[in-house]
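The structure under discussion appears below in the form of structure tokens.
The values are calculated or read from the model by the stated rules, or taken from the named source; none is laboratory data. Just so it is clear, the model here is predicted, and its values are computed rather than measured. No Cβ is skipped: glycine too gets one built from the backbone with ideal geometry, and neighbour counts run over all protein chains shown.
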Amino acid sequence: MYSVKYLEYNPSSVGEFSTESRLVDDGFDIQIQSAQWSSAGTAVIEAKNSCLLRLVLPKAATRKAIHSDNKGRFSGRNSDFQSLGQVLFLPPGTEFQFYHGVSQYKSMICLFDPGVLAPLAGIEWCWEDCLNDGMLNLKSNYLQASMERLAQEVAAPGFASQLHIECLLTGIAMELHRQFIDPRKSDECRGKLSLQQIRQLREMLDANPEMGHSVRQLAQACDMPPRKLSMLFKNTTGLTLRKYVAQTRIHKAKSLLLNHKMLIKQVSYQTGFQNPASFAAAFRKEVGMTPEAFRQQMRGVNP
């Protein structure tokens with residue numbers, strides 16, 4: 001239930017972790033953890049069946065060397081790596097790409113299932129289609145204060161700690177619900193694609209990047225004329241369908257390039273390009289550098 005898998009592309013970048021304190025019960029697993037990376041690298045973290053919250057403890061945070069801020073992004077989304085905030089949230093069933101520099105700090109890792117907590121058992125906890133880049137840098141004063149109080153309780157348990165933690169987690173879960181699940185319901189309006197249609201298009205493009213060349217095929221899958229699909233897609237996302245397809249292919253290429261064992265030409269074919277030359281040209285136009293230069297930058301290597 002509470003497994004989090006760290007998959008390192010570069011074994012020499014594997015971090016060292018130690019747990020200073022931990023409280024576990026039905027519905028939650030919380031620990032104060034020290035982490036240290038002696039070299040830069042990229043990892044994939046999978047949040048399985050639990051919500052994952054991380055609070056970096058500022059008083060214990062240190063940097064061993066100036067390198068690059070820790071960055072991350074959700075896999076499969078059209079977004080670049082962004083700097084992570086003090087409070088980070090990963091919904092269950094999500095995959096997160098984490099890029100770290102040379103660093104050493106202490107944090108609280110909180111894994112919990114809101115549906116197991118008695119006061120929240122009757123509430124719908126559907127995180128599907130609610131991924132938001134704001135989850136990587138939660139700026140809610142309420143959430144941060146609650147997380148800090150939770151960390152204090154885990155570090156030094158007191159009277160009725162279990163009850164106190166359940167109360168804190170209940171408030172945290174409700175705040176997350178208000179921020180990310182409730183607004184999703186008001187986004188469905190006339191003149192836009194439904195969440196199911198957007199999800200279907202993403203799945204089709206992920207499975208077959210070359211399909212992006214045919215708006216007609218995508219329109220047939222949504223059971224509407226190509227011109228209508230293009231119009232509704234622009235109303236929903238703010239991007240033309242062709243622009244979105246181009247960005248999707250480049251973002252997928254960025255993810256594949258993190259695996260230094262994969263050849264550039266393999267990346268080009270897997271992202272729907274006919275040859276490495278056209279891939280390099282499209283990548284440079286979108287990112288501002290060649291695929292090889294991007295790979296070296298993410299590995300912390302000077303080109």
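Among what's in segment 255-269 and is assigned to a helix (DSSP H, G or I) and touching a residue at least 40 places away in the same chain (Cβ under 8 Å), pick the residue that is farthest from PHE74 (Cα to Cα). Before you say what the answer is, go through the steps one by one.
We begin by selecting, within segment 255-269, every residue assigned to a helix (DSSP H, G or I); these are 255-257, 264-269.
Retained after the next criterion (residues that are touching a residue at least 40 places away in the same chain (Cβ under 8 Å)): 255, 257.
Values: SER255: 10, LEU257: 16 Å.
That would be LEU257.
Which of the residues belonging to segment 127-147 are under 26 Å from LYS48 (Cβ atoms) and assigned to a helix (DSSP H, G or I)?
ASP133, GLY134, MET135, LEU136, LEU143, GLN144, SER146, MET147
Quick check on my filter: what residues within segment 215-254 are under 26 Å from the mean Cα position of the chain (by Cα) and either in the same structural domain as GLY72 (by TED's automatic domain parsing) or not in a helix (DSSP H, G or I) (or both)?
GLY238, LEU239, THR240
Only residues that are in a loop (DSSP other than H, G, I, E, B) and either outside the structural domain of GLN179 (by TED's automatic domain parsing) or not aliphatic (A, V, I, L, M) (or both): list them for segment 148-159, please. Spell out how you get there, then give the answer.
At the first step, the residues of segment 148-159 found to be in a loop (DSSP other than H, G, I, E, B) are 156-159.
Within segment 148-159, PRO157, GLY158, PHE159 qualify.
Of everything in segment 83-126, what is modelled with pLDDT under 85, part of a loop (DSSP other than H, G, I, E, B) and either in contact with a Phe, Trp or Tyr (Cβ under 8 Å, 6 or more places away or on another chain) or hydrophobic (A, V, I, L, M, F, W, C) (or both)? Give them in sequence order.
GLY101, VAL102, LEU117, ALA121, ILE123, TRP125, CYS126
So GLY272 clears everything in (1) buried (at least 16 other Cβ atoms within 10 Å of the Cβ); (2) in contact (Cβ under 8 Å) with a residue 40 or more places away in the chain; (3) under 20 Å from PHE74 (Cβ atoms) except one condition, right? Which one?
(3)
So ASN78 passes all but one of these: (1) touching a Leu at 6+ places or on another chain (Cβ under 7 Å); (2) farther than 18 Å from SER34 by Cα; (3) not in a helix (DSSP H, G or I). Which condition number does it fail?
ASN78 satisfies all of (1) touching a Leu at 6+ places or on another chain (Cβ under 7 Å); (2) farther than 18 Å from SER34 by Cα; (3) not in a helix (DSSP H, G or I) except (1).
Can you confirm whether LYS285 is closer than 23 Å to SER75 by Cα and in a loop (DSSP other than H, G, I, E, B)?
Working: closer than 23 Å to SER75 by Cα: yes; in a loop (DSSP other than H, G, I, E, B): no.
So LYS285 does not fit the description; no.
Check LEU150, LEU136 and return the single one that is out of contact with any helix residue (DSSP H, G or I) (no Cβ under 9 Å at 6 or more places or on another chain), surrounded by 17 or more Cβ atoms within 10 Å (Cβ to Cβ) and in contact (Cβ under 8 Å) with a residue 60 or more places away in the chain. First the steps, then the outcome.
Working: LEU150 fails: out of contact with any helix residue (DSSP H, G or I) (no Cβ under 9 Å at 6 or more places or on another chain).
Unique residue meeting the criteria: LEU136.
Is it true that some residue in segment 242-252 is buried (at least 19 other Cβ atoms within 10 Å of the Cβ), farther than 18 Å from VAL287 by Cβ and of a type outside the set (Lys, Arg)?
Taking every residue of segment 242-252 in turn, none turns out to be buried (at least 19 other Cβ atoms within 10 Å of the Cβ), farther than 18 Å from VAL287 by Cβ and of a type outside the set (Lys, Arg).
What residue, among those in segment 268-292 that are in contact with a Lys or Arg (Cβ under 9 Å, 6 or more places away or on another chain) and hydrophobic (A, V, I, L, M, F, W, C), is farthest from PHE98 (Cα to Cα)?
Ranking the qualifying residues of segment 268-292, first place goes to PHE273.
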